[in-house]
Amino acid sequence: MPRGARVSRWSVGDSLRSLRRASALIVPIPAAEPVVAVHRDRHDRSARLGMPAHVTLLYPFLPAGRIDHSVVASLHDVFARRAPFRFELTRVESFPGVLFLAPEPAEPFADITRALVDAWPRCPPYDGIHTDVVPHLTVAQDTWPDRLAMHLARRLPVATEAGEAWLMTPGVTGHWSLRARFTFGMRTGAGDDARDRTASLRDAGSRPRSQ
């Protein structure tokens, strides 16, 4: 989520229609699930739609119908230039209407976002309506219990590694599906990871965050 909002070049209606169709590029954070899963199920609507605990790299990305093999190959090129990196979720913070865990260091996530925007300049983060994008792991949106931040803080830090990115696409019901996975630093033998994933992970009995 952002800091320093400004007026979008799109109307609100246009932005909402775009977001409903848009895919998302994320770094899944399975190590955070024991800390956040139950709270995200209650307070983050994206979790109920199959989105795992994650740090967003780029949203909105291309609509699912515009993602073909050339797009997947180009994404592989971007992520192949990124080495896996260690980070920690160290503190609880909030934006208006969002409670989140902050990763440290945050800059590697921001670097990847900039590389993606360089490659797809027509896909600015959050439709270009924010001047600053802050890497974060959302735990709750809109409203949450007063004690939730204190409860989460007691279970931090969470130390882990970012080693791959996921391309997530929405279905007609709004549920998210894993379309492709990209291993950081993988320059060869990437064909299996690039294969399109068309079935919803939740419907297949394997929710993304359990992987």
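The values are calculated or read from the model by the stated rules, or taken from the named source; none is laboratory data. In this text, all values refer to a predicted model and were calculated from it rather than measured experimentally. Reconstructed Cβ throughout: ideal geometry from the backbone, glycine too, with neighbour counts over all protein chains shown.
Scanning the range 38-63 for residues that are surrounded by 18 or more Cβ atoms within 10 Å (Cβ to Cβ), part of a helix (DSSP H, G or I) and either out of contact with any Phe, Trp or Tyr (no Cβ under 9 Å at 6 or more places or on another chain) or at pLDDT below 95 (or both) returns Arg40, Ala47. Scan the range 43-80 for residues that are among the charged types (D, E, K, R) and touching a residue at least 60 places away in the same chain (Cβ under 8 Å) and the total you get is 2. Residues being in contact with an Asp or Glu (Cβ under 9 Å, 6 or more places away or on another chain), modelled with pLDDT under 95 and more than 22 Å from Thr113 (Cβ to Cβ) are entirely absent from the range 19-33. Among the candidates Phe61, Phe85, the residue that is closer than 16 Å to Leu167 by Cα and touching a strand residue (DSSP E or B) at 6+ places or on another chain (Cβ under 7 Å) is uniquely Phe61.
crowded, with 18+ Cβ neighbours inside 10 Å and either under 13 Å from the mean Cα position of the chain (by Cα) or within 30 Å of Ser70 (Cβ to Cβ) (or both): is that true of Leu178 in this structure? Yes: the conditions hold for Leu178.
Screening the range 70-156 for strands (runs of 3 or more DSSP E) wholly inside it with 3 or more residues that are surrounded by 16 or more Cβ atoms within 10 Å (Cβ to Cβ) returns the ranges 85-95, 98-104, 137-141.
Mind listing whichever residues of the range 143-170 are in contact with a Leu (Cβ under 9 Å, 6 or more places away or on another chain) and either over 30 Å from Pro63 (Cβ atoms) or among the small types (Gly, Ala, Ser) (or both)? Within the range 143-170, Trp144, Leu148, Ala149, Leu152, Leu156, Pro157, Val158, Ala159, Thr160, Ala165 qualify.
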